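Before any comments, here is the structure.
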Amino acid sequence: MTLSTIRRTLLIQFVLVLTVVVAPIGAQQPIDMGDPTQVIQAYLRATYARDFVEAYRFIAAEDRKVRDLNRYIQQRGSFNGFTLEVARKVSESVQVGVVKKTGSSNHAQVAIRYKVPDPKKIAPLVLDWDPYRLNSLSAGERGELLKTLDRNKRDGAIAMREGEEKFDLVKEGDEWRMFLNWAAGVKIPLQLDLSKSADLNVGLSKNEVVVQPGDLFEVSLRIKNPTSQAITVRIGHLVAPVEIADYLDFVQCGFLLPVTIQPGKEQEYSGTYLLRGSIPDGVRQLSLNYDFRILK
């Protein structure tokens, strides 16, 4: 995965935690769907507030063929109640400017420069984004929290992260939509590290999988011990890049514990994995490496 992709991944993770708003336009102002910049703004505003019903309508039709609204909402989860109101309030501090816009009459790539509220530093102010605690606040406590956010915004007291990113859009009729390329899925190359277990012969059932977020996939390992002695081996799972490793879950794995292969024998083990539906849209590739270590 390139450095640019990792930066995009981190930006989208910030969007999912706090969500980015693209410009200081009032919440009630109509969106000009003929303006790519305003479409980006509206999409990021909706995802910041975790209003995924709203966000979905800004996504391209080609993407919506891959993931329908119900699946999209189930995978992402949504804020509601006062938590949603707080998210919208924090979004007012996000600053986004267009750096460059290129493309044709039906496709646009827009480069933006952003300043995003730092999720970790603002979390204590908003009760660690705990929906139960936020939605349980009294009317008076809610008012005080919103006033504090307004004051911090006015005083420039909200810690920000800065960066640049690019977004692709396609034109459908007279309106622009976010093109997220969901059909491409997430590519996961599979690799073996046998440097610490040279006595074993190991084969993978496949060298690569392409998975849609929310889907399961299975990998099998064939392990042969050509020696005259039993070998016990521990097989580690290394997912990279580490920033998004937690989006790959082990559902069932026959080799989490050390396995013993008898002399001259071959055994097969399988593992089932889940690629979380909440993985950031900008992620196109992970890698899964199996690290074999013979135990003494």
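The values are calculated or read from the model by the stated rules, or taken from the named source; none is laboratory data. Being a predicted model, the structure only gives us computed values, none of them experimental. As a convention, Cβ positions derive from the backbone with ideal geometry for all residues, glycine included, and neighbour counts pool all protein chains shown. Protein only, heavy atoms only, side chains kept; ligands, DNA and RNA dropped before computing areas. Shrake-Rupley method; radii C 1.70, N 1.55, O 1.52, S 1.80 Å.
Would the range 122-200 count as rounded, prolate or oblate if I go by the C-alpha gyration tensor, calling it rounded below 1.5 in a/c and otherwise prolate when a/b exceeds b/c, oblate otherwise?
Cα axes put the range 122-200 in the oblate bin.
When the accessible area of the chain is computed with all protein chains present and a 1.4 Å probe, what percentage of it is carbon and sulfur?
After summing per-atom areas, the C and S share lands at 48 percent.
Would you calculate the separation in nanometres between label points at Lys101 and Val53, each defined as 7 Å from the Cα along the Cα-to-beta-carbon direction?
So the two model labels end up 3.1 nm from each other.
Treating the angle as unsigned and between 0 and 90°, give the value, to the nearest 10°, between the Cα long axis of helix 36-48 and the longest Cα principal axis of the chain.
The answer is roughly 70 degrees.
Can you tally the net charge around Leu190? Count Lys and Arg as +1, Asp and Glu as -1, for every other residue whose Cβ sits under 10 Å from the Cβ of Leu190.
Net of charged neighbours comes to 0.
Counting only heavy atoms of protein chains, what accessible area per residue, in Å², does the range 64-129 have with a probe of 1.4 Å?
52 Å²
Order the following by accessible area, largest value first: His107, His237. Probe radius 1.4 Å; ligands, DNA and RNA are ignored.
His107, His237
Counting Lys and Arg as +1 and Asp and Glu as -1, what is the net charge of the other residues whose Cβ lies under 13 Å from the Cβ of Asp118?
Once all neighbours under 13 Å are counted, the net charge is +3.
Suppose accessible area is computed on protein heavy atoms with a 1.4 Å probe; arrange Leu192, Leu149, Leu257 from highest to lowest.
The residues order as Leu257, Leu192, Leu149, largest area first.
So for the chain, taking the charge dipole from beta-carbon charges (+1 Lys/Arg, -1 Asp/Glu), which of Ile112, Ile231, Leu44 sits furthest toward the positive end?
Going by the Cα projections, it comes out as Ile231.
Run the dipole for the chain about the Cα centre, Lys and Arg Cβ at +1, Asp and Glu Cβ at -1, nothing else charged, and hand back the magnitude in debye, nearest 20.
With only Lys, Arg, Asp and Glu charged at Cβ, the dipole is about 440 debye.
Want the number for Lys166 to Arg222: 0.36 nm per residue separation, take away the alpha-carbon distance, what's left?
Gain in length upon complete extension: 15.9 nm.
Rank these residues by their accessible area, most exposed first, probe 1.4 Å: Met178, Met160.
Correct descending sequence by accessible area is Met160, Met178.
Please report the accessible area of Asp155 (heavy atoms, 1.4 Å probe, ligands and nucleic acids excluded) in Å², nearest 10.
Accessible area of Asp155: about 100 Å².
At 1.4 Å probe radius, can you tell me the per residue accessible area of the range 134-217 in Å²?
54 Å²
Nearest 10 degrees is fine. How inclined is helix 3-17 to the longest principal axis of the chain, computing both from alpha carbons?
60 degrees
Tell me the angle of helix 81-91 to the major Cα principal axis of the chain, expressed in degrees between 0 and 90 and rounded to the nearest ten.
Roughly 80 degrees between the two axes.
In deg cm²/dmol and to the nearest 500, what is the mean residue ellipticity at 222 nm of the chain if only DSSP H runs of at least 4 residues count, each as -39500 (n - 2.57), divided by the residue total?
About -8000 deg cm²/dmol.
What's the extension gain from Asp249 to Lys196 if we count 0.36 nm per residue and subtract their Cα-Cα distance?
Length difference between fully extended and current span is 16.5 nm.
Below 15 angstrom from the Cβ of Ser136, what's the summed charge of the other residues (Lys, Arg +1; Asp, Glu -1)?
-3
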